[in-house]
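Visitor: Pasting in a structure now, in structure tokens, and then I'll have a few things to ask.
The values are calculated or read from the model by the stated rules, or taken from the named source; none is laboratory data. Values in this document were obtained by computation on a predicted structure and should not be read as measured data. Backbone-built Cβ (ideal geometry, glycine too); neighbour counts: all protein chains shown. All accessible areas refer to the heavy atoms of the entire protein, side chains included, with ligands and DNA or RNA removed. Shrake-Rupley method; radii C 1.70, N 1.55, O 1.52, S 1.80 Å.
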Amino acid sequence: MCGIMGYIGKNQGLPVIIDGLSKLEYRGYDSAGVAFYKDGHIEIVKKKGRLADLKSALREMPVSRIGIGHTRWATHGVPSDTNAHPHTDCSGRIAVVHNGIIENYAVLRKDLILEGHDFVSETDTEVIAHLIEKYYDNSLEEAVRKALKHMKGSFAIGVISKDEPDKIIAAKKDSPLIVGIGEGENYIASDIPAILSRTNKVYIMEDNQFAVVTPEKIEFTDFSGNSINKEIYQVPWDPVAAEKGGYEHFMLKEIHEQPEALRQTLRGKIKAGRVELDNLAIDAEKINKIYIVACGTAYHAGLVGKKAIEKLAKIPVETDIASEFRYREILWQPNDLMVVISQSGETADTLAALREAKRNSIKVLAVTNVVGSSVAREADEVIYTHAGPEIAVASTKAYSTQLLIMYLLALYLAQARKTCAEEEIRKITEEIINIDEKVEEVLKQEEKLKELAYKYRDVQSTFFLGRSLDYAVAMEGALKLKEISYIHAEAYAAGELKHGPLALISEGVPVLSLITQDELVEKTMSNIKEVKARGAVVIAICKHNLQEECQECEEQILLPDMNPFLTPIVSVVPLQMFAYYMAVFRGADVDKPRNLAKSVTVE
Ligand code: AGP
């Protein structure tokens, strides 16, 4: 997820672009850059690091009335000056900024190199610049249209040319893009916050829409050139609210971003019912054992990964929290594999475990959300989640996309080891393809979860129960609640309660019970009876088809009917939402809870 911004008009463009990018840093901040027209040329200044580094590289703002800018969240190519956007063609005639993923960039790059184009970066975006150059005769607009025909994947782009410095070309497919309407000036941006200090009148571009933006005019067409009339949207938000997309906190925004984060993470990974993980150099057939090591929420994702891999790929998996892993005497075998999971890719405990495996010549696969992070650089193989920057300390969209990668990895290993029938793999991949819709369905229950949180906002202690996969999700639900609302929350295997913790159950204690595993519902219900008999209030998070069995629970949050194997990606959402509103009603600092940091870089 990156931020793009463009300005064309009567005033100085660069201060407007830089200010706009500063409001888009929540979309990415590993590098930034600007391209602007000056004295017949396109000049580009771009730097690895935060926007402040770019500002100091610009020193005094050059004078220009047309420009584009970009703040990056790397997906292809580590954060570096060269990989930062904007990107240009061989002759420096045009400049491009891009948010999204060009899925077929490797093929396009190869063909363009054969045609004599020289590439300087590792990014997918640079391909767009050379494609436009290839078709650029005397019309930038036509050249961009022709280039779009060859691009697969998601993109929001802004393009300028030194030969036509009176316009910005913009195009959108599967990544957000708006056009702001000014007085004698106009803007393009990834999101409203970038331009809200200049105008609250915008056009929200839709997929397959194309815009030619000049200081006085904005013309919309589809990619083929057919004219489109668009309504002006009057933005109701203030600038601060706008950065959170109108949500009160980043955490709520990121909970709602999960369907999109899942779509972006899934992009290009399932083809014809099979999982394809780009050039993952793992000899799946030889793997002896897998160690999944992580911290906090990432560890909870690993617990689901263990079950998925053991079920589908028939490989034994051990899971460990990274801070404890180092005290084990591991009996490493040559074909063991370590999988580390880390949203930030900078967690010290997880890095220490990774280095321990490397010291023992064990291959390490990293699952991380940050391209170029320490974990990504030091692991042998990397699979990225594409959740975009996660600003709230409490991890939500990173967790659900980590779960998705765990399922995809399990399927990938099962395919390679032929431990799962093709038909079963196809059935699971078909359900994974639509998993974003199941999450969207649950997000519609926000109001009900808000009411539930209001009702129980003053409790001092809670339990989260589940069996098997539900237990793994119960652990994540408990962590969410305790870390942002400061309420004591225990997650227990439902069958374990009677071995001691049941003593903690007293009148009115809320017990959130996950009931999604059809074949375990009876056993789980008997545990629920145990806690109810001691006065607990049971909040059931159950699949729709198990509603009958959960009648006796005081509260029911219904999940869509679905394959129980995949429910964790969906069943965690009500728990995230419940924890969020409990924290809000208790007046906690939701995005920045006390004592915690987003990335724990100390051991
Ligand atoms: C999760 O909500 C917490 N913020 C925390 O447990 C986090 O998951 C843990 O610190 C691991 O972080 P990482 O994924 O960046 O390695």
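Visitor: So, in the range 117-132, how many residues would count as being touching a residue at least 12 places away in the same chain (Cβ under 8 Å) and surrounded by fewer than 21 Cβ atoms within 10 Å (Cβ to Cβ)?
Guide: Going through the range 117-132 one residue at a time, the tally reaches 5.
Visitor: A follow-up question, please. Take the residues in the range 166-177 that are on the phi < 0 side of the Ramachandran plot and open to solvent by 10 Å² or more (accessible area, probe 1.4 Å), then tell me which one is nearest to the chain's Cα centre (by Cα). Please lay out each step first, then the result.
Guide: Going through the range 166-177, the residues on the phi < 0 side of the Ramachandran plot turn out to be 166-173, 175-177.
Those left that are additionally open to solvent by 10 Å² or more (accessible area, probe 1.4 Å): 166-167, 172-173, 176.
Values: Asp166: 36, Lys167: 33, Lys172: 19, Lys173: 18, Pro176: 14 Å.
By that ranking, first place goes to Pro176.
Visitor: Does the range 346-360 include one or more residues that are of a type outside the set (Lys, Arg), under 17 Å from Ile287 (Cβ atoms) and modelled with pLDDT of 95 or more? Write out each step before concluding.
Guide: As a first pass, look at the range 346-360 and keep what is of a type outside the set (Lys, Arg): 346-354, 356-357, 360.
Adding the requirement that they be under 17 Å from Ile287 (Cβ atoms) leaves 357, 360.
Filter again for modelled with pLDDT of 95 or more, leaving 357, 360.
So far as the range 346-360 goes, yes, one or more of its residues are of a type outside the set (Lys, Arg), under 17 Å from Ile287 (Cβ atoms) and modelled with pLDDT of 95 or more.
Visitor: Follow-up. Contact list please: Cβ distance under 6 Å, first residue in the range 528-545 and closer than 8 Å to Ile515 by Cβ, second residue in a strand (DSSP E or B) and open to solvent by 10 Å² or more (accessible area, probe 1.4 Å), pairs at least six apart or on different chains.
Guide: Ala540/Gln556
Visitor: Among the candidates Asp111, Asp118, which residue alone is assigned to a loop (DSSP other than H, G, I, E, B), at pLDDT 95 or above and not aromatic (Phe, Trp, Tyr)? Don't jump to the end; show me each part of the working.
Guide: Details: Asp111 fails: assigned to a loop (DSSP other than H, G, I, E, B).
Being assigned to a loop (DSSP other than H, G, I, E, B), at pLDDT 95 or above and not aromatic (Phe, Trp, Tyr) holds for just one of Asp111, Asp118, which is Asp118.
Visitor: Looking at the range 362-380 only, could you name the residues that are assigned to a helix (DSSP H, G or I) and not hydroxyl-bearing (Ser, Thr, Tyr)? Break it down into steps so the answer makes sense when it comes.
Guide: First, the residues of the range 362-380 that are assigned to a helix (DSSP H, G or I): 374-378.
Val375, Ala376, Arg377, Glu378, listed by residue number.
Visitor: Assess whether Ala241 counts as being open to solvent by less than 40 Å² (accessible area, probe 1.4 Å), free of Cβ contacts under 8 Å to residues at least 12 places away in the same chain and not in a loop (DSSP other than H, G, I, E, B).
Guide: Details: open to solvent by less than 40 Å² (accessible area, probe 1.4 Å): yes; free of Cβ contacts under 8 Å to residues at least 12 places away in the same chain: yes; not in a loop (DSSP other than H, G, I, E, B): yes.
Criteria met by Ala241.
Visitor: Considering (1) on the phi > 0 side of the Ramachandran plot; (2) more than 29 Å from the chain's Cα centre (by Cα), say which one His117 fails and leave the rest.
Guide: (1)
Visitor: If you don't mind, another one. Which members of the range 60-83 meet the condition of being within 30 Å of Glu216 (Cα to Cα) and either free of Cβ contacts under 8 Å to residues at least 24 places away in the same chain or buried (at least 19 other Cβ atoms within 10 Å of the Cβ) (or both)? Step through it out loud before you land on a result.
Guide: Of all residues in the range 60-83, those within 30 Å of Glu216 (Cα to Cα) come to 60-72.
Selection gives Glu60, Ser64, Arg65, Ile66, Gly67, Ile68, Gly69, His70, Thr71, Arg72.
Visitor: If you don't mind, another one. Could you grab me the full set of residues in the range 381-404 that are over 18 Å from Ala583 (Cα atoms) and in a loop (DSSP other than H, G, I, E, B)?
Guide: Those that are over 18 Å from Ala583 (Cα atoms) and in a loop (DSSP other than H, G, I, E, B): Thr385, His386, Ala387, Gly388, Pro389, Glu390.
Visitor: Can you tell me which residue in the range 330-385 is farthest from the chain's Cα centre (by Cα), limited to those that are buried (at least 24 other Cβ atoms within 10 Å of the Cβ) and hydroxyl-bearing (Ser, Thr, Tyr)?
Guide: Thr350
Visitor: In the range 553-602, how many are within 12 Å of the ligand (Cβ to nearest atom) and modelled with pLDDT under 90?
Guide: Going through the range 553-602 one residue at a time, the tally reaches 10.
Visitor: Hey, another quick one. Would you confirm whether or not the range 20-33 contains a residue that is open to solvent by 40 Å² or more (accessible area, probe 1.4 Å), out of contact with any helix residue (DSSP H, G or I) (no Cβ under 8 Å at 6 or more places or on another chain) and hydroxyl-bearing (Ser, Thr, Tyr)?
Guide: So far as the range 20-33 goes, no, none of its residues is open to solvent by 40 Å² or more (accessible area, probe 1.4 Å), out of contact with any helix residue (DSSP H, G or I) (no Cβ under 8 Å at 6 or more places or on another chain) and hydroxyl-bearing (Ser, Thr, Tyr).
Visitor: Same structure again: In the range 302-311, which residue that is open to solvent by 10 Å² or more (accessible area, probe 1.4 Å) and touching a residue at least 40 places away in the same chain (Cβ under 8 Å) is farthest from Glu324 (Cα to Cα)? Break it down into steps so the answer makes sense when it comes.
Guide: Within the range 302-311, the subset open to solvent by 10 Å² or more (accessible area, probe 1.4 Å) is 303, 306-307, 310-311.
From what is left, the residues that are touching a residue at least 40 places away in the same chain (Cβ under 8 Å) are 303, 307, 311.
Values: Leu303: 15, Lys307: 21, Lys311: 25 Å.
Checked the range 302-311; the qualifying residue farthest from Glu324 (Cα to Cα) is Lys311.
Visitor: Also, I was wondering about something else. For the range 485-521, enumerate the residues that are open to solvent by 10 Å² or more (accessible area, probe 1.4 Å), farther than 14 Å from Ala533 by Cα and outside any helix (DSSP H, G or I).
Guide: Those that are open to solvent by 10 Å² or more (accessible area, probe 1.4 Å), farther than 14 Å from Ala533 by Cα and outside any helix (DSSP H, G or I): Tyr486, His488, Glu490, Ala491, Tyr492, Ala493, Gly500, Gln517.
Visitor: Name the residue, out of Lys455, Lys482, Lys448, that is of a type outside the set (Phe, Trp, Tyr), open to solvent by 60 Å² or more (accessible area, probe 1.4 Å), within 16 Å of the ligand (Cβ to nearest atom) and within 19 Å of Val584 (Cβ to Cβ). Reasoning before the result, please.
Guide: Numbers: Lys455 fails: within 16 Å of the ligand (Cβ to nearest atom); Lys448 fails: within 16 Å of the ligand (Cβ to nearest atom).
The match here is Lys482.
Visitor: Any idea which residue in the range 391-411 is nearest to the ligand (Cβ to nearest atom), counting only those that are farther than 20 Å from Arg426 by Cα and surrounded by fewer than 24 Cβ atoms within 10 Å (Cβ to Cβ)?
Guide: Val393
Visitor: So which residues in the range 241-273 are over 26 Å from Val382 (Cβ atoms) and aromatic (Phe, Trp, Tyr)?
Guide: Once the filter is applied, which keeps residues that are over 26 Å from Val382 (Cβ atoms) and aromatic (Phe, Trp, Tyr), the range 241-273 yields only Tyr247.
Visitor: Would you check if Tyr299 is over 23 Å from Ile101 (Cβ atoms), open to solvent by 10 Å² or more (accessible area, probe 1.4 Å), within 14 Å of the ligand (Cβ to nearest atom) and of a type in the set (Phe, Trp, Tyr)?
Guide: Numbers: over 23 Å from Ile101 (Cβ atoms): yes; open to solvent by 10 Å² or more (accessible area, probe 1.4 Å): yes; within 14 Å of the ligand (Cβ to nearest atom): yes; of a type in the set (Phe, Trp, Tyr): yes.
It is true that Tyr299 is over 23 Å from Ile101 (Cβ atoms), open to solvent by 10 Å² or more (accessible area, probe 1.4 Å), within 14 Å of the ligand (Cβ to nearest atom) and of a type in the set (Phe, Trp, Tyr).
Visitor: In the set Ile282, Ile321, Ile287, which member is open to solvent by 10 Å² or more (accessible area, probe 1.4 Å), hydrophobic (A, V, I, L, M, F, W, C) and within 13 Å of the ligand (Cβ to nearest atom)?
Guide: Details: Ile282 fails: within 13 Å of the ligand (Cβ to nearest atom); Ile287 fails: within 13 Å of the ligand (Cβ to nearest atom).
Just one listed residue meets the conditions, Ile321.
Visitor: Only one of (1) open to solvent by less than 20 Å² (accessible area, probe 1.4 Å); (2) within 13 Å of the ligand (Cβ to nearest atom); (3) of a type outside the set (A, V, I, L, M); (4) closer than 22 Å to Pro593 by Cα fails for Gly388. Which number is that?
Guide: The one condition Gly388 does not meet is (2).
Visitor: How many residues does the range 328-350 contain that are more than 9 Å from the ligand (Cβ to nearest atom) and without any contact (Cβ under 8 Å) to a residue 40 or more places away in the chain?
Guide: The qualifying residues number 5.
Visitor: Further question: Given the criteria within 13 Å of the ligand (Cβ to nearest atom), touching a helix residue (DSSP H, G or I) at 6+ places or on another chain (Cβ under 7 Å) and farther than 30 Å from Glu103 by Cβ, does Ala353 qualify? Give the steps one after another, and end with the answer.
Guide: Values: within 13 Å of the ligand (Cβ to nearest atom): yes; touching a helix residue (DSSP H, G or I) at 6+ places or on another chain (Cβ under 7 Å): yes; farther than 30 Å from Glu103 by Cβ: yes.
Spelling it out, Ala353 is indeed within 13 Å of the ligand (Cβ to nearest atom), touching a helix residue (DSSP H, G or I) at 6+ places or on another chain (Cβ under 7 Å) and farther than 30 Å from Glu103 by Cβ.
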